[in-house]
Amino acid sequence: MALIPQSSLYNTSRREFVQSLSAGLGSVALASMLAQPSAGAAVVAPRAKAKHNIVLFMQGGPSQMDLFDPKPALEKYAGQRPPEANLRTERTTGGLLPSPFAFKKHGESGIEVSELLPKLAEVIDDICVVRSMYTFNPTHNPARSLMHSGNISATRPTLGSWLDYGLGSDNQNLPGFVVLSPGGGAGANARSGFLPAKHQGIGFDCSQTEPEKMIRYLQNKQLAAPEQRRQLDLVQELNREHLSSFGHDEFLEGRIQALETAYRMQSEATDAFDIRKEPESIRQEYGNTPFANGCLLARRLVERGVRSVHVYYGPGQPWDDHSRINKNLRGRCPDMDQASAALIRDLKRRGLLEETAVVWGGEFGRTPVSESSDGRDHNPYGFTMFMAGGGFKGGLCYGATDELGFRAIENRVSIHDLHATLLHVLGIDHEQLTYRYAGRDFRLTDVHGEVIHDLLV
């Protein structure tokens, strides 16, 4: 790829010219989403506990009564169908299904944890377990959208985009909002919605260990850095001419600005995404799976100033256990448990846990009644999530579901409350983080949400 001579500029549309640069600087789609300094940073309070957020997302809905919320009454009433079993779920369910997994108290806090999670049990004193989460939709896509954006609509900005908008990035050479999943797709739950496109999450394939395979077209092999710099300077000159002649073009301007970040990423991203540079002992501590790679990459990215990282246990929705749940959990939990606990330990060792709010969970939980004899259906009425670091109180078990595990009944926490609390530890007043669109002010928590101070140090 050679520099375009000035004589040919008038024979090429400006948009075509910008797109022609993408081959060496990353795709235009990538470039248009890379983080830039935020205009919303004025809402940040000076006493923020956390600087970064990592979300470990178990898409499909993990079973709380098999992992974090023991229900011995299920054994007593096994097979029976109480009135609560008629709560609206996705499919027809049967009688009460006990968990076959033993629970034991761990740590100084004495929080009960399933035998399936021995590694997380070791760090339970650093974890805030919330057993009283609830939402109001039992279907995957709306519930997942609600968990990420505070709204069942698939058009609203998601958590990572709001954080990037409100706080900006501590590293202008990397995206402010990164999504790590097998296959690399960021998906609808990384959308920026009506926020500027530069705040959208950028997806990377955590099943790969080589940066060149995670980030296509990262390096420009045809032009040296000085020549690329000359090319970008020419683009900016054309951009200024466009603005003076036709007025502000936010979409195209965002892309042009993002090309600058893509140019700088060529050196920093190659290092940041290369987990092969980690000591072998660290890689063994996390494990050798896509989810383990994602957790290790999350630590490397927040270490370099990335604001928000979402790690998906995927692909698909593997925690959606409508049948064979006991067998499936035995096969799935070991690598999730190992990598999640390793991330918490590693962040703490490096002094990063205090400034990184880690959130673990899915879009809902599972029912205590059976489906297809040995599975569990969706349950949005009462389920478990956990938080660690970033100002959350370790060794705390908060809230409760009823005796059988159908509903949250004590210290109930909605997704809006969780969002408000998470924004709070990051130094943001959830009622002040707003964006005007279509004639009204929008916010992540909409008109809901309260900060749950009992969860915080």
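The values are calculated or read from the model by the stated rules, or taken from the named source; none is laboratory data. What you see is a predicted model, and the numbers here were worked out from it, not measured in a lab. Reconstructed Cβ throughout: ideal geometry from the backbone, glycine too, with neighbour counts over all protein chains shown.
Tabulated data
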| item | result |
| --- | --- |
| Residues of segment 196-205 that turn out to be among the hydrophobic types (A, V, I, L, M, F, W, C) and surrounded by 21 or more Cβ atoms within 10 Å (Cβ to Cβ), as a count | 2 |
| Which listed residue is out of contact with any Leu (no Cβ under 8 Å at 6 or more places or on another chain) and either of a type in the set (Gly, Ala, Ser) or under 27 Å from Ile452 (Cβ atoms) (or both), from Pro70, Pro100, Pro118, Pro83 | Pro70 |
| Exclusive hit being free of Cβ contacts under 8 Å to residues at least 12 places away in the same chain and either among the aliphatic types (A, V, I, L, M) or in the same structural domain as Phe136 (by TED's automatic domain parsing) (or both), set Arg366, Arg376, Arg407, Arg349 | Arg349 |
| Selection status of Ile415, in contact with a Ser or Thr (Cβ under 8 Å, 6 or more places away or on another chain), on the phi < 0 side of the Ramachandran plot and β-branched (Val, Ile, Thr) | yes |
| Count of segment 109-129 residues which are within 25 Å of Val369 (Cα to Cα) and either aliphatic (A, V, I, L, M) or without any contact (Cβ under 8 Å) to a residue 40 or more places away in the chain (or both) | 6 |
| Checklist (1) on the phi > 0 side of the Ramachandran plot; (2) free of Cβ contacts under 8 Å to residues at least 24 places away in the same chain applied to His106, failing item | (1) |
| Residue match in segment 20-40 (condition: modelled with pLDDT of 95 or more, surrounded by 13 or more Cβ atoms within 10 Å (Cβ to Cβ) and of a type outside the set (A, V, I, L, M, F, W, C)) | no |
| Qualifying residue in segment 138-152 (condition: under 30 Å from Gly110 (Cβ atoms) and crowded, with 24+ Cβ neighbours inside 10 Å) | yes |
| Those helices (runs of 4 or more DSSP H) lying entirely in segment 85-185 with at least 1 residues in contact with a strand residue (DSSP E or B) (Cβ under 7 Å, 6 or more places away or on another chain) | 118-122, 159-167 |
| Residue among Arg304, Arg332, Arg324, Arg299 that alone is surrounded by 21 or more Cβ atoms within 10 Å (Cβ to Cβ) and among the basic types (Lys, Arg) | Arg299 |
| First in segment 180-196 and closer than 20 Å to Gln208 by Cα, second anywhere and surrounded by fewer than 23 Cβ atoms within 10 Å (Cβ to Cβ) and acidic (Asp, Glu), Cβ under 7 Å, 6 or more apart | Pro182/Asp205; Gly183/Asp205; Gly184/Asp205 |
| The one condition in (1) surrounded by fewer than 23 Cβ atoms within 10 Å (Cβ to Cβ); (2) part of a strand (DSSP E or B) that Arg376 fails to fulfil | (1) |
| Residues that are of a type in the set (Ser, Thr, Tyr) and touching a residue at least 12 places away in the same chain (Cβ under 8 Å), drawn from segment 262-317 | Tyr263, Ser267, Thr270, Tyr286, Thr289, Ser308, Tyr312, Tyr313 |
